[in-house]
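Trainee: Shown below is the structure under consideration.
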Amino acid sequence: MQGPGWEIFKMLTRSSLNTRILESEKSETLRKIIVLNIFLVLGFSLLLLMGGIALAQKALLLGSADFVMALLFFALFIYLYRTGNEPLVSLCGVVILLIFFCYLFFIGGVHATAFMWLYTFPLFSLYLLGVRQGIRTTCFLFCFCAGFLVIDVSSESINVYSRDFALRFIPSYLVVCILAFLVEKSRSESRDALLDRQQLLAGTIEKLQKKEAELEEARSQLELRVTLRTEELEAANKQLRVEIEEREWAQQERLRLESELLRAEKMELLGRLAGGVAHDLNNVLSGIVSYPDLLLLTLPPESEMRGPLQNIRRAGKRAAVIVQDLLTLARREILIRERVQLNDIVGDHLQSPEFITLQKNYPNVVVEVRLAPDLLSLSGSPVHLEKALMNLLVNSFEAIEQAGTVLVKTENRYVDTAIKGYETTVPGKYVVLTISDNGVGIPQEKLNMIFEPFYSSKVMGRSGTGLGMTVVWGTVKDHGGYLDVKSYPGNGTTISVFLPALQENGDQSSPVKFWPQTIKPGNGEAVLLVDDDSEQRLLGNTILTTLGYKVETVASGEKAIDLLRSKSFDLVLLDMIMEPGMDGLDTYQGIAAIRPDQKVLIVSGYSETERMEKALEMGVRGYIKKPYTLEEMATTLHRELTG
């Protein structure tokens, strides 16, 4: 086996031969460029001198020809200097020189020893243009000169040159042409033979190197076969161990996925139950919240009934909050989605009265905040996200019995492989909210129960209704997110919320929010109220009439469409769920078919999110959430009718 010295020698030998071949070609071109430069500079100088002498001797034609040739030579010199295009300059120079010599010979500018200049033409043309083109140009000049001399000598009217000049010029020029041809052909053949030998030698070395490479490849293949066979035996042994481990892992994964599926099905079942209850409660609460508003409008400020009515209204609103928690559990609450910055939600909540009250109740708990400065935005509902944050913080505070610390942390995280924790988090880009505490922790056997409705390790009635963590679970699922929980008894709990981040160039326009300010009555606009519940139609009719609107009510979507065929309304208030018959989305599609510009608002407290979002995308102006107050109804209608 040869050492590295042999490889270096082969590489240097091949490189040297290739370099010599290239250098031979480059040196030939370089020599031609040098000769061209010398030829053009000397020709330019001599032609200027000869032109001046010709003008001094009053030979205007000869002097003009000299100056023109000098300018052409100068132009070729500049072109060669800028482009280096030697073949084109050589061809142009020889052709110009040929034309000049023909012209010079024709006007009698060649006398005595001046014809010696013509002897240089074969040498230049053969060297610069090669043998074939050089012979053609040289023969053309010879034929022109010989023909002109024959005509000149045989004619009595043309006496430019003497017979003695013709006898000396023709054989001498012919001998110079033959000698120049032989010299250039010999030089060209010698150069071609040298290049052929160099290429032959380079090819021989390349063949030897290929043979050497083939031998080396055969030796490497033999060694590789031995190595592969050894690795195959080791891999087979390793595969047996991996299969055993995979079977054990598959069994554990199956149990984990079954647990996740069972938990999801249980939450879905409880959600449906809660959603049905919330639907009925919303209709009941509409009267409890709205009728006190109507009664308060008719009572004088000093009436003793104002206090009880206000208490009834506040109690109804508190009940409505509980209903909204149930709707979140049902995952059928309409989310006002907008571009949200989670850091802003955390900052606002930490300064809210609710959090300040929580800190006063737990003075020994220290809150540590770590917010990522480059946190990505997400699409969601700020109200629901803040409520989920509040419930997580309350849970962490209550888990600390004496003194302790609660950590609130936000960060960006890209998940490239699924995280198999409390839930399986699929790959993607997330905004992660982490709440950690060093409280009592949660036993492993109870981790699967913490998000169930009404589950609590604390005394019921003392710390909420047991829906707090359920609301967290429903909010995360509504936002397409995932939860991960890590907890050990005595070492605290860490809950991580993974929320899908918006793309950096994503654009999510902020929706319109309706904030009640003052009661704004109507101006007699016509409003059509569509609701299948008679109590809701009566309540809505009373409120709208009180606000100064002209109201008509119908009990179904079919009746609403029939009425709109013959009568127009400034606004339609449309219930989302109407049974039996057409629901709100189907009714709106029918209205849009006959009155495309009709303004429509959805009135609902319980709705399928997808159908509501589809209605909003199709052109519904907005929605009013049940139970609604007098202020909310007045503000919303005023905005839509005057906007």
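Trainee: Keeping to the stretch 46-56, report how many residues are open to solvent by 60 Å² or more (accessible area, probe 1.4 Å) and under 21 Å from ILE78 (Cβ atoms).
Mentor: 3
Trainee: Let me ask something else. Could we say that SER496 is closer than 26 Å to VAL476 by Cβ and either open to solvent by less than 20 Å² (accessible area, probe 1.4 Å) or modelled with pLDDT of 85 or more (or both) here?
Mentor: For SER496, the condition - closer than 26 Å to VAL476 by Cβ and either open to solvent by less than 20 Å² (accessible area, probe 1.4 Å) or modelled with pLDDT of 85 or more (or both) - is met.
Trainee: Could you tell me whether any residue of the stretch 70-86 is closer than 23 Å to PHE181 by Cα and surrounded by fewer than 20 Cβ atoms within 10 Å (Cβ to Cβ)?
Mentor: Yes.
Trainee: Before we move on, is TYR119 in contact with a Gly (Cβ under 9 Å, 6 or more places away or on another chain), at pLDDT below 75 and under 20 Å from ALA65 (Cα atoms)?
Mentor: no
Trainee: Can you name every residue in the stretch 359-398 that is open to solvent by 20 Å² or more (accessible area, probe 1.4 Å), over 25 Å from LEU502 (Cα atoms) and of a type outside the set (Asp, Glu)?
Mentor: Matches in the stretch 359-398: GLN359, LYS360, ASN361, TYR362, PRO363, ASN364, VAL366, VAL367, VAL394, ASN395.
Trainee: All but one of (1) surrounded by fewer than 11 Cβ atoms within 10 Å (Cβ to Cβ); (2) of a type in the set (Gly, Ala, Ser); (3) closer than 30 Å to LYS420 by Cα hold for ALA235, so report the exception by its number.
Mentor: (1)
Trainee: To continue, here is another question. Only one residue in TYR362, TYR414 is without any contact (Cβ under 8 Å) to a residue 24 or more places away in the chain and of a type in the set (Phe, Trp, Tyr). Which one?
Mentor: When all the criteria are applied, what remains is TYR414.
Trainee: Cβ-Cβ distance below 6 Å, separation of 6 or more or different chains: which pairs start in the stretch 158-184 with a residue that is among the basic types (Lys, Arg) and end on one that is in a helix (DSSP H, G or I)?
Mentor: From the stretch 158-184, the pairs are ARG163/VAL153.
Trainee: So, in the stretch 80-96, of the ones that are assigned to a helix (DSSP H, G or I) and over 15 Å from GLY43 (Cβ atoms), which residue ends up farthest from the chain's Cα centre (by Cα)?
Mentor: LEU91
Trainee: Can you tell me which residue in the stretch 71-110 is nearest to MET50 (Cα to Cα), limited to those that are in contact with a helix residue (DSSP H, G or I) (Cβ under 8 Å, 6 or more places away or on another chain) and of a type in the set (S, T, N, Q)?
Mentor: Applying the filter and picking the extreme gives SER90.
Trainee: Kindly indicate whether THR405 is more than 15 Å from LEU502 (Cα to Cα), open to solvent by 20 Å² or more (accessible area, probe 1.4 Å) and part of a loop (DSSP other than H, G, I, E, B).
Mentor: no
Trainee: Quick check on the stretch 336-367: of everything there that is modelled with pLDDT of 85 or more and of a type in the set (Val, Ile, Thr), which residue is nearest to LEU407 (Cα to Cα)?
Mentor: Across the stretch 336-367, the extreme among qualifying residues is VAL367.
Trainee: While we're here: Could you grab me the full set of residues in the stretch 410-437 that are among the basic types (Lys, Arg) and either surrounded by 15 or more Cβ atoms within 10 Å (Cβ to Cβ) or in contact with a Phe, Trp or Tyr (Cβ under 9 Å, 6 or more places away or on another chain) (or both)?
Mentor: ARG413, LYS429 - these are the residues of the stretch 410-437 that are among the basic types (Lys, Arg) and either surrounded by 15 or more Cβ atoms within 10 Å (Cβ to Cβ) or in contact with a Phe, Trp or Tyr (Cβ under 9 Å, 6 or more places away or on another chain) (or both).
Trainee: Is it the case that some residue within the stretch 376-383 is assigned to a helix (DSSP H, G or I) and small (Gly, Ala, Ser)?
Mentor: No, there is no match, as no residue in the stretch 376-383 is assigned to a helix (DSSP H, G or I) and small (Gly, Ala, Ser).
The values are calculated or read from the model by the stated rules, or taken from the named source; none is laboratory data. This one's a predicted model, so the numbers in the text were calculated from it and none came from an experiment. So basically every Cβ, Gly included, is an ideal-geometry build from the backbone, and we count neighbours across all protein chains shown. Calculation scope for accessible area: heavy atoms of the full protein, side chains included, ligands and nucleic acids excluded. Shrake-Rupley method; radii C 1.70, N 1.55, O 1.52, S 1.80 Å.
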